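Chemist: Shown below is the structure under consideration.
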Amino acid sequence: MKELSLNILDIAQNSIRAEASLIEILIDETERMLTITIRDNGCGMSEEFVKTVTDPFSTTRTTRKVGMGIPLLKLAAEQTGGSLTIRSVERAVDPEHCGTETSATFDKTHLDFTPLGDVISTVTLLIRGSPKTDFLFRHTMPDRTVELDTREIRQVLGDDVPLDEYEVLAWIRDTLTEQYASEA
């Protein structure tokens, strides 16, 4: 993938398919390192499946026999000297603490580092496509933190205004854009 934001989109869509009610997209960035963590409270994966999930021929999709999202993210991380970790607990094993956490670390100074890309569009698209799912987005950088929590937006709007309304999505996009543009 040309941008890491597309990997974020792919993994978050996996979380949506796993019936997660909350998806956390956490980006921690220093001068040299970038860590992307996507955590959900969905149905989780078995220990056996977690062991094979980085294999492109291991997929739960029925529409095709190949799943490239996780393998490509692993490759992108490892090409920079980074790594990928996946932890998951199945709902059947522990309904209170189920879900999956995928975390990839990258060396930003490496020649093969893939740019982060347009995370604002990624977050907005995820909310638009799954307005009933809650998202916590936090990008921590050396000079500032950009954050959006749809649970807080729902508290202000109430139950009558869906998050996929044009005006709400425009406000979300503008809010994230302003936070990225602001001086620390």
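The values are calculated or read from the model by the stated rules, or taken from the named source; none is laboratory data. Keep in mind the model is a prediction, meaning the values are calculated, not measured. With ideal geometry, Cβ positions are generated from the backbone for all residues, glycine too; neighbour counts draw on all protein chains shown. Only protein heavy atoms, including side chains, enter the accessible area calculation; ligands, DNA and RNA are left aside. Shrake-Rupley method; radii C 1.70, N 1.55, O 1.52, S 1.80 Å.
Chemist: Please list, in order along region 127-138, the HN-Hα scalar couplings obtained from phi with the Karplus expression 6.51 cos²θ - 1.76 cosθ + 1.60 (θ = phi - 60°), rounded to whole Hz, x for Gly and Pro.
Modeler: Ordered by residue, 3J(HN,Hα) equals 5, 4, x, 9, x, 8, 8, 8, 10, 10, 10, 9 Hz.
Chemist: Now for a different question. Taking K and R as +1 and D and E as -1, what net charge do the other residues with C-beta under 13 Å from the C-beta of Thr37 add up to?
Modeler: Neighbour charge sum, excluding Thr37 itself: -2.
Chemist: Keeping every protein chain present and rolling a 1.4 Å probe, give me the accessible area per residue for the chain in Å².
Modeler: For the chain, the per-residue accessible area is 56 Å².
Chemist: Based solely on its DSSP helices, what 222 nm [θ] is calculated for the chain when runs of n ≥ 4 H residues each add -39,500 (n - 2.57) and the sum is averaged over all residues, nearest 500 deg cm²/dmol?
Modeler: -11000 deg cm²/dmol
Chemist: Can you list, largest first and rounded to whole Å, the semi-axes you get for the chain by taking the square root of 5 times each eigenvalue of its Cα gyration tensor?
Modeler: Listed largest to smallest, the semi-axes of the chain are 26, 23, 14 Å.
Chemist: Another one. Which one, Met141, Thr109, Gly158, is farthest towards the positive end of the dipole of the chain when Lys and Arg carry +1 and Asp and Glu -1 on their Cβ?
Modeler: Thr109
Chemist: Which whole-Hz ³J(HN,Hα) couplings does region 111-122 yield from phi under the Karplus relation 6.51 cos²θ - 1.76 cosθ + 1.60, θ = phi - 60°, glycine and proline marked x?
Modeler: Those phi angles translate into 4, 8, 5, 7, x, 4, x, 8, 5, 4, 5, 4 Hz.
Chemist: While we're on this one: Please report the antiparallel percentage of DSSP beta bridges with both residues in the chain, rounded to the nearest 5.
Modeler: Antiparallel bridges make up about 80 percent of those DSSP assigns within the chain.
Chemist: Measure off, as a whole percent, the carbon and sulfur share of the 1.4 Å-probe accessible area of the chain, all protein chains present.
Modeler: 51
Chemist: Right, something else. Given H placed 1.01 Å from N in the peptide plane, which residues other than close sequence neighbours of Phe113 have an amide H under 5 Å from its amide H?
Modeler: none
Chemist: Can you give the local net charge around Ala104? Use residues other than it whose beta-carbon is closer than 14 angstrom to its beta-carbon, Lys and Arg +1, Asp and Glu -1.
Modeler: Here the charged neighbours net out to -4.
Chemist: What is the spin-label model distance, in nm, from Val161 to Glu3 if the labels are put 7 Å beyond Cα along the C-beta direction?
Modeler: Here the modelled spin labels are 2.7 nm apart.
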